[in-house]
C-alpha cells in the first residue's frame, strides 16, 4: 500500500476536524430549536385556550413532555461526547508552524465563528420568545435574562 503524502494526510485531518466542528454546532443548534419549539407550542396553546376556553394546554403539554422527539438528554450527551472527542483527537498543539496547520486552524476558527453566531442568534430568539408572560402556570418557562445581551447582539 503506497504511503499517503503528508500534505494529503493533513488536508484529510483538517476536513475531518471541520466536519466534527460542524456536527457539534448543529447538535447545539438542535438543542436550541428544541427549546424554541417547546416555547412556541406553549404560547400557541395558551392563546388557543384564552380564545376558546377549551383548557387543553395542560393536557397537551404533559403529553408532549414525555414524547421521544421532545427529550433532549440524548442530544446533550452527544454534544458532551463530541466535545470530549474533539479535545482528545485534536488537542491544541503549541508551536505548530507549518502553513497547512495554520490554514487548518483558520478554517476551524471560521467554522467556530459561524457556529457561535448561529448559537447567539438562537439564544437571542429564545430571549425574545421568553420575554415575560401575562399569565403564569406550572409549565411556563421563566423569562430568559441573558447577561450582556447587548454585547451578544453586537455579533
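Read-outs throughout are calculated quantities, based only on the coordinates presented, and are distinct from any laboratory measurement. Quantities reported herein were computed from a predicted structural model and do not represent experimental measurements. Because the Cβ atoms are built from the backbone with ideal geometry, glycine has one as well, and the counts that use them run over all protein chains shown.
Points worth noting:
- Extension gain (nm, one decimal) between residue 65 and residue 112, 0.36 nm per residue minus Cα-Cα: 13.7 nm
- Were the residues from residue 26 through residue 87 laid out at 0.36 nm apart, the gain over their Cα-Cα distance would be 20.2 nm.
- Simple spin-label estimate for residue 52 and residue 6 in nanometres, 7 Å along Cα-Cβ: 6.9 nm
- Label-to-label distance, nm, for residues given as residue 15 and residue 105 (7 Å Cα→Cβ offset): 2.4 nm
- This ranking places 56, 115 by how few other beta-carbon atoms lie within 10 Å of each, fewest first, which gives 56, 115.
- Taking the fewest neighbouring Cβ atoms within 10 Å as the starting point, the ordered list for 9, 24 is 9, 24.
- Distance between the 7 Å Cα→Cβ label points at residue 41 and residue 77: 2.1 nm.
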